[in-house]
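Chemist: This is the structure I have questions about; it appears just below.
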Amino acid sequence: MDALVLNGVTKRFGERTAVDALSFAVKPGEIFGFLGGNGAGKTTSLRMVLDIVRPTAGRISVLGCPPGRENAADLGFMPEERGLYRGMSAIDTVTYFGRLKGMSAVAARAKGHALLDRFGLAASAKMQIDKLSKGMAQKVQLAATLVNGPKLLLLDEPFSGLDPVNQGLLEHEILEAARGGATVVFSTHVMQHAERLCDRLLLLSQGRKVFEGTQAEARGRLPARLTIVARDTPMRCPGVERAEPGAVDAQGWSDYDVTLAEGIDPADVLQCLTEQGVTLRRFDQYRVSLHDVFLHLVGPPPAGLADPAMAEHAA
């Protein structure tokens, strides 16, 4: 059974379509990246999974059931805007969120202390949230998200506002949760986190899916590129679509920015050049990043767009 399924899900806010016929499935134990710029519909989609807003059309399955309170004990959610009661202590906050997920007071408090200790906050457990630093409060938020040992962990822009140390802590906790059998779905517009964490990913643009698959499959959407330093043009080799030469030095060496046709292995080009006796000073393959793929498939995000679910929440 898939941990999360969206089938033809659409959400409209008035005349605006925030999510448009979105379909995907997340397997148990996966770390699934939900990627897109501001206004892509990431937050709206996660809020529908949590039954905070209802879809206009389509079907959602969460751990085999429709979204609702019945799933609360098995879910963990970290919202982008965060949300802690500033007058409560750190341990009372984590305990409270555990109780909301169906845990007993004793079990929630014990797990809360264990998490705060793991995050280096044991000495601050009784401090009020408004007396903690921003980084410490964010650790409390993470503890509140993990306290019930969720089977499905939903993280909305979880790295937003975190310093590098806490980003590393969160990445570690995501990997640990997946190793423990949890399914993790996190939205982000920062491709580096997805590159380090994701088994599979989905690219969303203006509410529509433009890609779903593995990182290797995503990079395969762009042609391979090479940097070659040689005295002769590599255009003579099959599969080389473009070879832009740079300036030629006094010894006749030139830098070539090479683009290969789809499906061409750079090793075949190297073999071809070698067989033809072309002397090489440099042969490097450019590693396509998820950022490159995102720009290729989605383009720069339109200025000023925001997720309607966030605007509605703020209102």
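Chemist: The conditions are (1) over 30 Å from Leu203 (Cα atoms); (2) surrounded by 15 or more Cβ atoms within 10 Å (Cβ to Cβ); (3) in contact with a Phe, Trp or Tyr (Cβ under 9 Å, 6 or more places away or on another chain), and Ser254 fails exactly one of them. Which is it?
Modeler: Result: Ser254 fails condition (3) only.
Chemist: For the range 80-131, which residues satisfy the criterion of being among the aliphatic types (A, V, I, L, M), part of a loop (DSSP other than H, G, I, E, B) and more than 19 Å from Leu153 (Cβ to Cβ)?
Modeler: Taking the range 80-131 as the starting set, the residues that turn out to be among the aliphatic types (A, V, I, L, M) are 84, 88, 90-91, 94, 100, 103, 105-108, 110, 114-116, 121-123, 125, 127, 129.
Next, from what is left, pick out any that are part of a loop (DSSP other than H, G, I, E, B): 84, 88, 103, 121, 125, 127.
Residues satisfying the conditions are Met88, Leu121, Ala125, Met127.
Chemist: Count, please, the residues in the range 168-203 that happen to be over 15 Å from Lys27 (Cα atoms), acidic (Asp, Glu) and either in a strand (DSSP E or B) or under 13 Å from the mean Cα position of the chain (by Cα) (or both).
Modeler: Looking only at that region, the number is 2.
Chemist: When you scan the range 46-79, how many residues do you find that are part of a loop (DSSP other than H, G, I, E, B) and either of a type outside the set (Lys, Arg) or under 22 Å from the mean Cα position of the chain (by Cα) (or both)? Before the answer, list the steps.
Modeler: Looking only at the range 46-79, we keep the residues that are part of a loop (DSSP other than H, G, I, E, B), and these are 50-56, 63-64, 66-68, 79.
Going one step further and asking which of them are either of a type outside the set (Lys, Arg) or under 22 Å from the mean Cα position of the chain (by Cα) (or both), we end up with 50-53, 55-56, 63-64, 66-68, 79.
Of the residues in the range 46-79, 12 are part of a loop (DSSP other than H, G, I, E, B) and either of a type outside the set (Lys, Arg) or under 22 Å from the mean Cα position of the chain (by Cα) (or both).
Chemist: Check Leu203 against each of (1) over 19 Å from Ala144 (Cα atoms); (2) surrounded by fewer than 22 Cβ atoms within 10 Å (Cβ to Cβ) and name the one condition it does not meet.
Modeler: (2)
Chemist: For the range 53-74, what are the residues that are within 30 Å of Lys131 (Cβ to Cβ) and either touching a His at 6+ places or on another chain (Cβ under 9 Å) or modelled with pLDDT of 95 or more (or both)?
Modeler: Step one: filter the range 53-74 for residues within 30 Å of Lys131 (Cβ to Cβ), giving 72.
Answer for the range 53-74, where residues must be within 30 Å of Lys131 (Cβ to Cβ) and either touching a His at 6+ places or on another chain (Cβ under 9 Å) or modelled with pLDDT of 95 or more (or both): there is none.
Chemist: Pairs only if they're at least six apart or on different chains, beta carbon under 6 angstrom, first in the range 124-152 and in contact (Cβ under 8 Å) with a residue 12 or more places away in the chain, second assigned to a loop (DSSP other than H, G, I, E, B) and basic (Lys, Arg); list them, first residue then second.
Modeler: Between residues of the range 124-152 that are in contact (Cβ under 8 Å) with a residue 12 or more places away in the chain and residues that are assigned to a loop (DSSP other than H, G, I, E, B) and basic (Lys, Arg), the close pairs are Ile129/Arg86; Asp130/Arg86; Gln141/Arg82; Asn148/Lys101.
Chemist: Further, regarding this structure: Checking Thr227 against (1) in contact (Cβ under 8 Å) with a residue 12 or more places away in the chain; (2) over 23 Å from the mean Cα position of the chain (by Cα); (3) in a loop (DSSP other than H, G, I, E, B), only one condition comes out false. Which one?
Modeler: For Thr227, the failing item is (3).
Chemist: Could you run through the range 60-74 and say how many residues are out of contact with any helix residue (DSSP H, G or I) (no Cβ under 7 Å at 6 or more places or on another chain) and either buried (at least 20 other Cβ atoms within 10 Å of the Cβ) or not aliphatic (A, V, I, L, M) (or both)?
Modeler: Number of matching residues: 8.
Chemist: Which of the residues that make up the range 260-279 are within 19 Å of Glu241 (Cβ to Cβ) and not in a helix (DSSP H, G or I)?
Modeler: So in the range 260-279, the residues within 19 Å of Glu241 (Cβ to Cβ) come out as 260-273, 276, 278.
Result: Leu260, Ala261, Glu262, Gly263, Ile264, Asp265, Gln276, Val278.
Chemist: Hey, another quick one. Restricting to the range 177-192, give me the number of residues that are surrounded by fewer than 21 Cβ atoms within 10 Å (Cβ to Cβ) and at pLDDT 90 or above.
Modeler: Number of matching residues: 4.
The values are calculated or read from the model by the stated rules, or taken from the named source; none is laboratory data. None of these values were measured; they are calculated from a predicted model. Ideal geometry is used to build each Cβ from the backbone, glycine not excepted, and the neighbour counts take in all protein chains shown.
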